[in-house]
Amino acid sequence: MEPKQWYMEYKIHKNRPGLLGDIASLLGMLEVNILTINGVEDRTRGMLLQTDDEEKIELLGKMLRKVENITVNTLRPPRLTDILAVRHGRYIERDSDDRKTFRFTRDELGLLVDFLGELFKREGNQTIGLRGMPRVGKTESIIAGSVCSNKRWAFVSSTLLRQTVRSQLSEEEMNPNNVFIIDGIVSTIRSNEKHYSLLQDIMAMPSTKVIEHPDIFVRESQFDYDVFDCIVELRNTPDEEITYENFTTAGLNDEF
């Protein structure tokens, strides 16, 4: 049986000396490897484990339920958010109503880049929306995430350096393995027929697309929110409101 990874998270009620050593010893006796370990938020510890025997994980869970100093919160195959929580020592905030929405602030750019990089490594078709006000770091995060995933990126539309509205891409740029960066405002409001035709072709490709300003993209195009596999929100501060109230279809500010 091939080795599988598991994520274990437990809450510490009494952090007595030797507690971690006792748990590590138990894992060692079961021959369950610890790949990564880190504190995750207040008095919580996360571990990324590996074993080729699922029964050992079941036995581990039963044994740890008898340890009075801790409570096991999670013992499951790892999700992406679990892996990043262990790696960075904090959980990614998710919208309580829409579980597809993940929230970051500018001081969490390292975590955001890592998150995007892991998403970009996935094969096949996926569309990611990225909300955020001007100059918060949206495009830069996408590029950095592409570098982390060892993938090339291609601008379909953008305002990073100057307004970019592409009507065609080279054969190399049209590689489905690339990350396609789309500005939802530029592509739907400031584009022409040739660009929109290219946009439709790219949206139909089995590739990764990242669309900045997804709300404008949905409002001004034939696509709806179902096209998005997840939406990322990036703010300068946790309470910053992401709004387009001051922008009209007749004249959008060039800051976007």
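Mean sequence separation of contacting Cα pairs (under 8 Å, at least six apart), scaled by the length of the chain, corresponds to a relative contact order of 19 percent. If R0 is 41 Å, the Cβ-Cβ spacing of Thr71 and Glu220 corresponds to a FRET efficiency of close to 0.25.
Listed by chain and number, the lysines whose alpha-carbon sits under 26 Å from that of Lys209, ignoring those within fewer than 8 places in the same chain, are Lys100, Lys121, Lys138, Lys151, Lys194.
A straight line joining the Cα centroids of region 23-57 and region 99-118 runs 25 Å.
Ordered from largest to smallest accessible area (heavy atoms of protein chains, 1.4 Å probe), the residues Trp6, Trp153 come out as Trp153, Trp6. According to the calculation over all Cα-Cα pairs in region 4-85, the P(r) per 5 Å bin from zero is 3, 15, 30, 28, 18, 6, 1 %.
The angle separating the long axis of helix 19-29 from the principal Cα axis of greatest extent in the chain is about 80 degrees. Accessible surface area normalised per residue over the chain is 52 Å², counting heavy atoms of protein chains with a 1.4 Å rolling probe. The calculated 222 nm mean residue ellipticity attributable to helices in the chain amounts to -8500 deg cm²/dmol, summing -39500 (n - 2.57) over DSSP H runs of n ≥ 4 and dividing by all residues. Accessible area ranking (1.4 Å probe, heavy atoms, ligands and nucleic acids excluded), largest first, for Phe115, Phe223: Phe223, Phe115.
For the chain, the carbon plus sulfur part of the accessible surface works out to 45%, probe radius 1.4 Å. Computed from label points 7 Å out along Cα-Cβ, the spacing between Tyr91 and Ser197 is 4.9 nm.
Cα extents for the chain along the principal axes, largest to smallest and rounded to whole angstrom: 65, 41, 28.
The values are calculated or read from the model by the stated rules, or taken from the named source; none is laboratory data. In this text the structure is predicted, and so the values were computed from the model without any measurement. Cβ: placed from backbone, ideal geometry, glycine included. Neighbour counts: every protein chain shown. Side chains are part of the model used for accessible areas, which takes the heavy atoms of the whole protein and leaves out ligands, DNA and RNA. Shrake-Rupley method; radii C 1.70, N 1.55, O 1.52, S 1.80 Å.
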